[in-house]
1. Select from the stretch 340-360 the residues that are in contact with a Phe, Trp or Tyr (Cβ under 9 Å, 6 or more places away or on another chain) and of a type in the set (A, V, I, L, M) and list them in ascending order.
2. Any chance you could count how many residues in the stretch 384-405 are in a loop (DSSP other than H, G, I, E, B) and farther than 24 Å from LEU356 by Cα?
3. Do we have any residue at all in the stretch 128-141 that's among the aliphatic types (A, V, I, L, M) and surrounded by fewer than 16 Cβ atoms within 10 Å (Cβ to Cβ)?
4. Going by the structure shown, is LEU391 surrounded by 14 or more Cβ atoms within 10 Å (Cβ to Cβ), under 28 Å from ARG220 (Cβ atoms) and within 6 Å of ligand 1 (Cβ to nearest atom)?
5. Suppose we keep only residues that are in a strand (DSSP E or B) and touching a Gly at 6+ places or on another chain (Cβ under 9 Å) within the stretch 266-324. Which one would you say is modelled with the lowest pLDDT?
6. Determine whether the stretch 74-84 contains at least one residue that is touching a Gly at 6+ places or on another chain (Cβ under 9 Å), loosely packed, with under 12 Cβ neighbours inside 10 Å and at pLDDT below 80.
7. Go through the stretch 406-444 and report how many residues are assigned to a helix (DSSP H, G or I) and within 11 Å of ligand 1 (Cβ to nearest atom).
8. Would you call LEU278 free of Cβ contacts under 8 Å to residues at least 60 places away in the same chain, under 33 Å from the mean Cα position of the chain (by Cα) and farther than 18 Å from LEU336 by Cβ?
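The values are calculated or read from the model by the stated rules, or taken from the named source; none is laboratory data. Because the structure is a prediction, the values reported are computed rather than measured. All Cβ positions, glycine included, derive from the backbone under ideal geometry; neighbour counts span all protein chains shown. When the accessible area is computed, the model is the full protein with side chains, heavy atoms only, and any ligands, DNA or RNA have been set aside. Shrake-Rupley method; radii C 1.70, N 1.55, O 1.52, S 1.80 Å.
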Amino acid sequence: MTTGRVLCALALAAAPVLCVVVLAVAGWIGLGPALAVAAASIAGGAVAVKLWARDLQWLETALRHAAAGDTAALARDAAAPMLPGAGRIAVGIERLARTLAARGEELTALSRASEAIVERLPDPLIVLGPQREVRRANAAAREAFGTEMAAVLRHPVLREAIERAWRGGETQVAEIRLPVPNEREVAATVLPFDPPLADGGRAILVLSDRSRERTLERMRADFVANASHELRTPLTSLMGFVETLRGPAMDDRQAQERFLGIMAEQAQRMANLIDDLLSLSRIEMNERQAPSEVVDLAALAERVAAGFEPRLAERAMRLELTAPGGTKVLGDADQLAQVLQNLVDNAVKYGREGGLVRISVQPVDGPPWPARPGAVMAVTDDGPGIPRVHLARLTERFYRVDKGRSRAAGGTGLGLAIVKHIVNRHRGQLLIDSEEGKGSTFSVWLPAPEAKAP
Ligand SMILES: Nc1ncnc2c1ncn2[C@@H]1O[C@H](COP(=O)(O)OP(=O)(O)OP(=O)(O)O)[C@@H](O)[C@H]1O
Ligand SMILES: [Mg+2]
């Protein structure tokens, strides 16, 4: 027994021992009984102290288990306390431990859920620590920036936004252009946290890729500028001739005839441009819906070729058509006729005077191009060809290799853009092959009707 316990036992026994000593001194009780009562009091005090110590020990252990959330150990060590009141404290501790454990489980589940949400967010999200260091990055951020994360954070505009957020404690937004790992435009949002997040994070950085939207915005702006420019040129010319006809050429019959001819040409050019724009927007509108008719490409090619006879004759060109009957594809007959028409139109317009234009339609089984069965419709000319640098941009709206020549031939620069959109709608592929000085081949692959089956 420790000194503390001995002292406690003596303190408990002090009052009864003092009483019997007084009684014995006064002679009211004999020495023998007085000693027996004193000894019994000290022994009773020792037992009470032992029980007390044992219960306190139990409570201490129970509190330790409760703090550690170990309800199983709490139940295992449940030797019920014996002193009055200690039992109630024991029940309270057990209840508290159970509540704490349940809260702990709830918190773990909640934090797991929020981690899963952050991890799966489609936008890259980075948690910054107190030194602006990367504390955590979700899957999108790891995929988008990989090992370049630190380099991204060094971007001066982004750093400035982070510093502003740190100083002012308010959300900051910045538009940045990132050169690594590949060029893209990103909208960065910095959300500072004070007090910090549970994991010590001081700010969240959301980096949303806006490249697609920005490209679309630029394309839309370019498109409006290009379309207006294309319409303004013939319109200005028309207005000039109207002025001339009203003034200097008012009485000149011959000049009037000539000017009216040019005006009709310009008006026709505007009409062609508007027709092409309308047709492009119609194709774009139903581009998501793949066509489902079965089209006989050979018959279609014969029809289109026949329509070009007068224009071929104008340029002393020959046309050779190879189209085995019964070559069928899945498509929209009018749109496929338009594809062939635009390709042959280019071959006639830009091909060699007195040259040869070849149209070929043939079924293909698969590899090398492309991997599935279908048919390829190709138009080849033996003209000047197209320099390689232009090939990738040829199907952009209003893109022309030789602007002057295209305009002089009445071109609007939309023919191949229309071809590309129709081919896209057909889930087909367009391949442009050209060699300067030798000629060009435009091939369109279209899926076979069986491809529709599933
Ligand atoms: N077979 C070809 N040979 C040489 N250059 C070509 C050929 N086909 C197209 N090009 C070049 O590609 C450019 C774009 O062709 P596209 O058909 O889109 O427009 P366009 O012929 O100028 O006008 P549109 O077809 O609207 O009347 C042309 O301006 C021309 O410079
Ligand atoms: Mg064209």
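1. Within the stretch 340-360, LEU343, VAL344, ALA347, VAL348, VAL357 meet the criteria.
2. The number of residues fulfilling the criteria is 6.
3. yes
4. No: the conditions fail for LEU391.
5. GLU293
6. yes
7. Restricting attention to the stretch 406-444, the residues satisfying the condition of being assigned to a helix (DSSP H, G or I) are 406-408, 415-425.
Pick out the ones that are also within 11 Å of ligand 1 (Cβ to nearest atom) and you get 406-408, 415-420.
Residues meeting the conditions: 9.
8. Values: free of Cβ contacts under 8 Å to residues at least 60 places away in the same chain: yes; under 33 Å from the mean Cα position of the chain (by Cα): yes; farther than 18 Å from LEU336 by Cβ: yes.
Answer is yes for this residue.
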